[in-house]
Each structure stands twice: as C-alpha cells, then as structure tokens.
1. Answer yes or no as to whether residue 410 is over 33 Å from the mean Cα position of the chain (by Cα), at pLDDT 95 or above and over 30 Å from residue 489 (Cβ atoms).
2. In the set 529, 540, 534, which member is in contact with a Cys (Cβ under 9 Å, 6 or more places away or on another chain), small (Gly, Ala, Ser) and not in a helix (DSSP H, G or I)?
3. Does segment 279-290 hold any residues that are crowded, with 22+ Cβ neighbours inside 10 Å and assigned to a helix (DSSP H, G or I), and which are they?
4. Identify all residues within segment 12-53 that are small (Gly, Ala, Ser) and either assigned by TED's automatic domain parsing to the domain that holds residue 185 or out of contact with any strand residue (DSSP E or B) (no Cβ under 9 Å at 6 or more places or on another chain) (or both); write none if there are none.
5. Just for segment 459-497: of the residues that are of a type in the set (Phe, Trp, Tyr) and part of a strand (DSSP E or B), which one is nearest to residue 265 (Cα to Cα)?
6. Does residue 125 fit the bill of being under 30 Å from residue 28 (Cα atoms), in the same structural domain as residue 80 (by TED's automatic domain parsing), acidic (Asp, Glu) and in contact (Cβ under 8 Å) with a residue 60 or more places away in the chain?
7. Are any residues in segment 90-131 among the charged types (D, E, K, R), more than 25 Å from residue 425 (Cβ to Cβ) and not in a loop (DSSP other than H, G, I, E, B), and if so, which ones?
8. Kindly evaluate residue 267 against the criterion of being polar (S, T, N, Q), outside the structural domain of residue 158 (by TED's automatic domain parsing) and out of contact with any helix residue (DSSP H, G or I) (no Cβ under 9 Å at 6 or more places or on another chain).
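The values are calculated or read from the model by the stated rules, or taken from the named source; none is laboratory data. Keep in mind the model is a prediction, meaning the values are calculated, not measured. A quick note on method: Cβ atoms are made from the backbone with ideal geometry, for glycine too, and the neighbour counts reach across all protein chains shown.
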Amino acid sequence: MIRINVMFPDGEQREYECEERITPLQIAERHPGHCPYQVLAVSVNHHNRRLDMPLMEDCRIELMDMRSPYGNMSYQCSLSLLYIAAVHDVFGKDVKVTIANSLSQGLFTRIHAGISEETAEQIQERMRAMVAKDLIILEKHIERAEILQYLKENNRTDEYRLIESAEDLREAELVQVADEMGLSYVHLVPSAGFLKLFEVRRYRNGILLRFPYYSKPDVLPPFKEQKQLYEAFSEETHWCQLMNVEFVADLNRKVKNREYKDLIMLSEALHEKKVAEIAEMIHASGKRIILIAGPSSSGKTSFAKRLCIQLRVIGLKPLYLGTDDYFLDRSELIPDENGNLDFESLSAVDVRLFESQMNDLLAGKKVDIPTFDFIEGVKRYGSRITSIDETQPIVIEGIHGLNPDMTDEIAEEQKFKIYISPLTQLNIDQHHRIPTTDARMLRRMVRDSRTRGRDAATTIREWPLVRAGEDVNIFPYNSEADVFFNSTCLYELAVLKKYAEPLLSAITEDMAEYEEAQRMLKFLSFFVSIEDDSVIANNSIIREFIGGSILVS
C-alpha cells in the first residue's frame with residue numbers, strides 16, 4: 001500500500017492509503033463528488049504527468065480539470081490531435097493543417113485544400129466517431145535525439161527546423177490516435193472519450209474548432225462573431241509574411257544569424273504606422289473622448305502616450321488621463337463576503353465624477369482632475385486644475401474604457417473606442433500555437449519583478465484571478481471597439497526569455513507554482529534568446545516591460 005495526499009479540483013485535500021499502481025484517474029473516478037468537471041490532467045509532487053500513469057510510491061497529487069491552465073492546455077492539444085486526424089481522414093495525409101490562433105471561443109485553423117460546409121461537417125462526424133469509440137491516445141516520452149530522428153524519418157521538415165534551431169528543447173511526447181502521430185509538449189488525455197464537447201464550424205477562409213471556455217467546462221458557449229479580432233489576426237499574419245517570420249524556427253534563424261536588428265526595427269515601424277493610422281482615424285471622426293482598454297500587460301500606457309504624440313503630429317493637442325485616478329476612496333468601497341476589496345470591478349470607480357468631469361471638459365469648463373494616492377487610498381485635488389478648447393481630444397486609458405456603463409452619460413458621438421491586446425500570429429509550428437495569455441503573463445512577470453520586486457511565483461499564483469477579472473471587466477466589451485491595436489512585438493518572446501528564465505528557474509520543486517513554472521520554461525525553450533536588446537527603441541511597447549522606456553516610468 002502507498003499513501004497519497006490528494007488535492008481535488010473542488011479544493012478538498014485528503015490523504016488516502018491506496019494499492020500500489022493505482023492511477024490518478026482511478027482516484028478521481030472513486031471520488032466524483034470532489035470532481036465537479038471531467039478531470040483532464042494531474043501533477044505528481046509538482047510535476048505534470050499523464051492522468052493514467054500508475055503511482056508507485058507515496059506522493060502528493062493534484063487533479064486538474066479545464067479550469068486549470070495545464071488541464072485546459074491538455075484538452076486543447078488533445079482535441080487538436082483528434083481534429084488533425086479527422087482532417088487527414090477526409091482530405092488525405094498530405095494535406096497541411098495549421099492551428100493558427102484563438103478566436104470565437106475556439107481555435108481558428110486553416111486547411112490547405114478546398115473546404116466547404118460539407119467538409120466541415122464530415123470532419124466533425126469523424127471526430128465524434130473517434131470520441132464514441134473512445135480511441136486510446138498513446139503517448140511515449142522521447143528525448144532530443146529521438147525527436148530529430150522521428151521528424152527526419154517522417155519527412156516533417158518544418159518541425160525538424162524548429163527542433164534543430166531550439167537547442168534548449170530537450171524532450172517531447174510522441175503521441176498517437178488511430179493512425180495519426182505527432183509531437184506534443186504537454187501530456188494529453190488518456191482517450192478520445194474525454195473530448196466530448198466541441199464544434200467544427202466553417203468560418204471565412206478556414207475552420208473554427210470550438211470547445212468550452214475554461215471558466216465553464218461543461219458548456220459549449222454560443223458562437224460569437226469577432227470580426228475585428230479576426231481582422232487583427234489577419235493583419236498580423238500579413239506582417240509575419242512581410243518579415244518572413246511565420247514560425248518560431250524562422251525567428252530563431254534570424255537570431256542565430258544576427259539578422260534580428262532589422263526585424264526589430266521593421267516591427268517597430270509597423271507599430272508606429274498603425275498608431276499613426278489610428279490618429280488619422282480619430283482626426284477624421286472629429287470625436288474627442290478617446291477610450292483605450294485591454295487586458296493586463298497589453299501595453300496600454302505606452303500605446304496611449306504614442307497615440308498622443310501622433311495626434312500632436314497632425315495638429316491636435318490631446319489631454320492624457322488614466323481612469324485609475326478616479327477610484328473611489330478606499331473607505332467608500334464595500335468588502336465582499338470574505339472582507340476583500342475588489343479593485344478590478346467598475347464598482348471601485350467613481351463613475352459619476354468621471355462622467356461629470358469629462359462632460360465639463362468637453363463644454364470648455366475648468367476641472368479639478370484628481371490624482372489617486374494609492375498609499376492612503378484617497379483622491380487628492382488641487383494639482384491638476386485644467387480646461388481644454390473645443391478642438392482638443394481627451395485620451396483616456398483604463399481597463400473599463402469600453403464598458404458602456406463607464407461612459408453612459410457621455411454623448412456617443414463623442415466616443416472613439418480602441419481595444420488593445422498582444423495578438424501573436426507567430427506559431428511554434430503548423431500544429432502548435434503561442435497562447436496570447438502566456439505571452440501576457442511573461443510580460444507581467446518581467447515587469448513586476450523589475451518595478452515591484454515581485455517574484456515569478458506571485459505572478460503565477462495571481463494570474464488566474466487576473467484572468468477571471470478580465471472575463472468580467474474587459475473581454476465582454478471588446479466588440480464595442482471602433483478599432484483594434486495589436487500590441488505584439490514579433491521578436492518579443494526571444495527578448496523576454498533572458499529576463500523570465502531566471503525568475504521561473506527560482507521557483508523550487510516544493511512550491512505549488514513549480515509545475516506551471518516548468519511548463520513556461522519548456523515554452524521558452526522553443527526560442528533562441530536575443531541577448532543584446534539595445535536596438536529596441538526607447539518608446540517601444542516592449543520597453544514598458546523590460547525597462548528603458550521614455551514613456552513609462
């Protein structure tokens with residue numbers, strides 16, 4: 001018998017005496033009351049493992065469903081393997097499939113063949129048949145030499161280029177369902193029967209592979225059109241092609257050949273061009289309340305200040321404001337049932353004061369704009385008494401900028417709304433995308449270590465709460481935007497690597513954040529590091545995170 005300390009998905013923690021060779025999956029099946037959703041993954045002594053792996057000695061395990069980052073990734077990667085197998089069943093083995101980016105509560109994919117509503121339905125039927133048969137998903141751990149040998153023997157040139165270029169990448173999982181084989185960098189679910197909830201939908205020039213959102217694992221969300229987000233990703237794809245960097249292997253080649261300086265300068269020039277275009281749009285619209293919102297670590301502050309500069313170039317004199325200065329005094333906030341204050345909610349903002357002052361400014365009145373004292377938790381007055389003329393726009397940056405309730409009393413014809421997020425279109429390879437949330441977490445980790453002295457474990461621990469706040473306060477309103485600004489820097493993960501790796505490596509095996517740190521370290525191992533980042537301009541958005549910005553202190 002062995003002793004197993006089990007952390008269940010509902011937060012319950014118990015110790016059991018179990019027979020040797022029991023699997024985490026069997027433990028989950030014996031205690032369904034503590035597993036409100038399908039268990040997908042497990043960590044054993046803070047190491048991610050396959051769910052049906054036998055346990056041979058005393059250990060601590062954590063069972064994870066789709067609400068955990070690793071469980072969510074396991075579902076997505078397992079479903080992608082099933083999808084690729086079904087595509088090859090319909091079109092033949094030689095047809096290329098690209099898992100491109102997240103979109104409309106799923107993954108946007110491209111099939112390099114003629115697709116139609118009928119073929120999308122055929123793919124879905126093939127996938128449902130594999131789920132109904134509960135086909136086993138095989139998995140074998142392989143090291144670097146064996147990875148390269150497998151890719152070479154199977155003529156998988158694009159993946160071979162990646163592994164050859166990424167010398168830090170030492171291991172992977174060789175996975176198989178039916179006769180479809182591939183590489184995975186996370187452990188997959190044991191069988192196709194775990195993947196019951198999904199939809200295959202024909203969409204524009206590709207196919208959407210949709211699945212439950214992490215916060216509601218048992219529901220397939222209704223389809224929601226995200227036209228502007230699709231266009232932003234399409235524009236980024238065009239930029240990648242323009243710079244001849246579509247996959248990480250292309251970026252690694254440029255770094256190794258010391259060609260990255262041109263890449264950085266071109267990437268920054270494209271950003272500046274886009275900011276200038278948005279400034280012209282604002283000028284042409286005649287609107288004066290410019291609202292900028294986006295999720296954590298989007299680069300909102302740098303973008304807002306660069307936009308102000310471009311507005312000045314075309315003869316406007318913008319007033320820059322942040323909604324953080326309109327927090328309610330801390331004494332006015334109502335704690336939740338646990339006594340905590342929610343600073344992310346719109347209820348923490350003095351909306352009436354904000355709307356009143358914006359309307360007064362538009363009317364040419366003099367206004368005493370507050371400055372929020374975060375140490376004392378109160379608004380201070382008297383240092384920013386100002387007024388503007390009838391031509392001046394007000395550029396306002398803050399997470400609630402696109403929430404209609406934030407500006408309900410301001411005339412709609414005065415509002416120009418901008419959504420900003422780093423929407424990377426650079427993919428690891430044809431079948432593995434780069435999650436936007438991972439890129440944002442690395443940005444936040446590097447910035448918070450530098451500016452707030454916070455360790456990587458704190459960033460990882462707080463990230464689920466950050467994302468939950470974004471689900472409520474930001475993402476529901478991105479369709480309100482008049483324009484999207486994609487703040488990704490094509491080269492940024494190669495730059496962030498040298499800053500983030502030591503922070504992640506400092507998380508030790510006895511810490512709860514260890515397995516997520518290891519996942520992120522494996523993710524960074526795909527990239528060759530840019531050690532000399534001096535060529536990055538001091539007004540670059542990435543400077544907001546790595547330091548050296550003239551726009552953000």
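1. Values: over 33 Å from the mean Cα position of the chain (by Cα): no; at pLDDT 95 or above: yes; over 30 Å from residue 489 (Cβ atoms): yes.
Spelling it out, it is not the case that residue 410 is over 33 Å from the mean Cα position of the chain (by Cα), at pLDDT 95 or above and over 30 Å from residue 489 (Cβ atoms).
2. Numbers: 529 fails: in contact with a Cys (Cβ under 9 Å, 6 or more places away or on another chain); 534 fails: in contact with a Cys (Cβ under 9 Å, 6 or more places away or on another chain).
Checking each option against the conditions leaves just 540.
3. Restricting attention to segment 279-290, the residues satisfying the condition of being crowded, with 22+ Cβ neighbours inside 10 Å are 279, 282, 288-290.
If the condition is that a residue be crowded, with 22+ Cβ neighbours inside 10 Å and assigned to a helix (DSSP H, G or I), then 279, 282 are the ones that fit.
4. The first filter runs over segment 12-53 and keeps only residues small (Gly, Ala, Ser), leaving 28, 33, 41, 43.
Within segment 12-53, 33 is the sole residue that qualifies.
5. First, pick out the residues of segment 459-497 that are of a type in the set (Phe, Trp, Tyr): 463, 475, 477, 484-485, 491.
Now drop any that are not part of a strand (DSSP E or B), which leaves 484-485.
Working: 484: 22, 485: 18 Å.
Ranking the candidates gives 485 first.
6. Details: under 30 Å from residue 28 (Cα atoms): yes; in the same structural domain as residue 80 (by TED's automatic domain parsing): yes; acidic (Asp, Glu): yes; in contact (Cβ under 8 Å) with a residue 60 or more places away in the chain: no.
So residue 125 fails the test.
7. Residues satisfying the conditions are 117, 118, 121, 125, 126, 128.
8. Details: polar (S, T, N, Q): yes; outside the structural domain of residue 158 (by TED's automatic domain parsing): yes; out of contact with any helix residue (DSSP H, G or I) (no Cβ under 9 Å at 6 or more places or on another chain): no.
In short, no.
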